[in-house]
Amino acid sequence: MEAAGVGADFAWIACALSFFAFHFVIRRTNRLIRVSCVVCLWVVVLQVPFYFQLEKATGATLMSAVICFCCCVKTTEIMLLIPRTARLEQSLWEFSCEFLFFMFMLRKGPERKLRKNVSQLLLEFVVICATVAAKLVICVAAHDILFPCIVHGPEAQERQLRMDTNFLTLLYYNTIWLPTIVGGMWVYDLFEVVIPLITLDSYRYGPFNNWVGLSSSITELWGKRYNLLISEMLKNSVFLPMKRLLNVSNTIAGLSSFAMSGILHMYVIIATFGVGYEVRTLSFFLIHGIACSVDAYFHSKRPRGSSLLPLPLSIFITLAFVAITTPLYTRPLIYPSMIGDSPWSKMVPPTLEPYIPRLAQFVDVRAACLG
């Protein structure tokens, strides 16, 4: 864990230094030098999880890999894809704000007359706290089922092996685990209301997720509701530059964005778990890229704001498609090492764990074990 912490710290330092080196020196050089710097950055920074020999299958290693890759993508954007005049006219303060807004999802609030008052902000804070409490309960309930079934139970190891050969078994346990992807991001929900409250709506945070369970289409899921940090990065670093520089269609630019997302997650999976799941990981994002293209095509044939199907049915089909396809990517994430017995593996801070109701107190969770 110490090495993982060092790797994560180095990733943040490399990210910050590359941005500031760009601002003071590299942005004023010719394109060949900037391309060379970008190549060197990719080669050096992407080696961080391997150079530090970070512990496999841990959250710290996963986050280190994500930071390293995002650092490379964002630096490539600002070194090579931003017009020269915009690069040279950007002040250090503007540059610093861009760095902070990207890495920490901060953004400026509306004009003073459009800002929310304190009572509105306090009401939002109470509502979000209630949703956070619900997410924590769901995360712990999912953990209470998965831990005895596939981690520590008498047949846990056998079920883990069966998940690699029996898709229905994998789909079952993955569907139980899936809500923790969204529920585990409850910290971002708190930031979303705390930062406006502290700054009186002068600054806002995120959102990181936006009620993912209400997605009525696969395009809406990826573009407006899930992991908006990566979505915004891919939009600015891949989608828009391809349209501006190569004049390609929305379909080609969108598929390229999903391909880059697939490469990002392949790298994270290899750095965190080793080789073995990278092809399935890439195929997951390519499948969703194609699904988004098909979805956009059919919606383009209808008036804006209309829907092909009733809203509840659209939401059900979208979530069912996600549940069926996500095992291609998420299989390593439900390894025993990722669903341990520590409070953090339950997505809960240690101080709050004693206050979260446990599912095992009410039902026999082993009855939910499949196989």
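The values are calculated or read from the model by the stated rules, or taken from the named source; none is laboratory data. Because the structure is predicted, anything quoted here is derived from the model rather than measured. Note that each Cβ is placed from the backbone with ideal geometry, even for glycine, and that neighbours are counted across all protein chains shown. Protein only, heavy atoms only, side chains kept; ligands, DNA and RNA dropped before computing areas. Shrake-Rupley method; radii C 1.70, N 1.55, O 1.52, S 1.80 Å.
Pairs are defined by a Cβ separation below 6 Å, a sequence spacing of at least 6 or placement on different chains, a first member in segment 332-351 that is in the same structural domain as ARG162 (by the TED database) and at pLDDT below 85, and a second member that is open to solvent by 20 Å² or more (accessible area, probe 1.4 Å) and among the acidic types (Asp, Glu); the pairs so defined are PRO343/GLU353. Please verify whether segment 224-240 includes one or more residues that are assigned to a helix (DSSP H, G or I), free of Cβ contacts under 8 Å to residues at least 60 places away in the same chain, of a type in the set (Gly, Ala, Ser) and assigned by the TED database to the domain that holds LYS135. Yes, there is a match, as at least one residue in segment 224-240 is assigned to a helix (DSSP H, G or I), free of Cβ contacts under 8 Å to residues at least 60 places away in the same chain, of a type in the set (Gly, Ala, Ser) and assigned by the TED database to the domain that holds LYS135.
Looking at PHE69, PHE99, can you tell me which residue is at pLDDT below 75 and surrounded by 16 or more Cβ atoms within 10 Å (Cβ to Cβ)?
Working: PHE69 fails: at pLDDT below 75.
Sole residue among the options that is at pLDDT below 75 and surrounded by 16 or more Cβ atoms within 10 Å (Cβ to Cβ): PHE99.
Would you mind telling me which numbered condition in (1) open to solvent by less than 30 Å² (accessible area, probe 1.4 Å); (2) within 26 Å of MET338 (Cα to Cα) ILE218 fails? The failed condition is (2). Can you find even one residue in segment 303-319 that is surrounded by fewer than 18 Cβ atoms within 10 Å (Cβ to Cβ), in contact with a Lys or Arg (Cβ under 7 Å, 6 or more places away or on another chain) and modelled with pLDDT under 85? Taking every residue of segment 303-319 in turn, at least one turns out to be surrounded by fewer than 18 Cβ atoms within 10 Å (Cβ to Cβ), in contact with a Lys or Arg (Cβ under 7 Å, 6 or more places away or on another chain) and modelled with pLDDT under 85. For beta carbons closer than 8 Å, sequence separation of 6+ or different chains, a first residue in segment 273-296 that is in contact (Cβ under 8 Å) with a residue 40 or more places away in the chain and among the β-branched types (Val, Ile, Thr) and a second that is outside any loop (DSSP other than H, G, I, E, B) and surrounded by 16 or more Cβ atoms within 10 Å (Cβ to Cβ), the qualifying pairs are THR281/GLY262; THR281/HIS265; THR281/MET266; THR281/ILE269; THR281/LEU328; THR281/TYR329; ILE287/THR325; ILE287/LEU328. Residues that are over 19 Å from THR318 (Cβ atoms), small (Gly, Ala, Ser) and under 16 Å from the mean Cα position of the chain (by Cα) within segment 166-224 comprise GLY184, GLY206, listed in sequence order. Entry remark, segment 158-177: residues being out of contact with any Pro (no Cβ under 8 Å at 6 or more places or on another chain), assigned to a helix (DSSP H, G or I) and open to solvent by 40 Å² or more (accessible area, probe 1.4 Å) number 6 in total.
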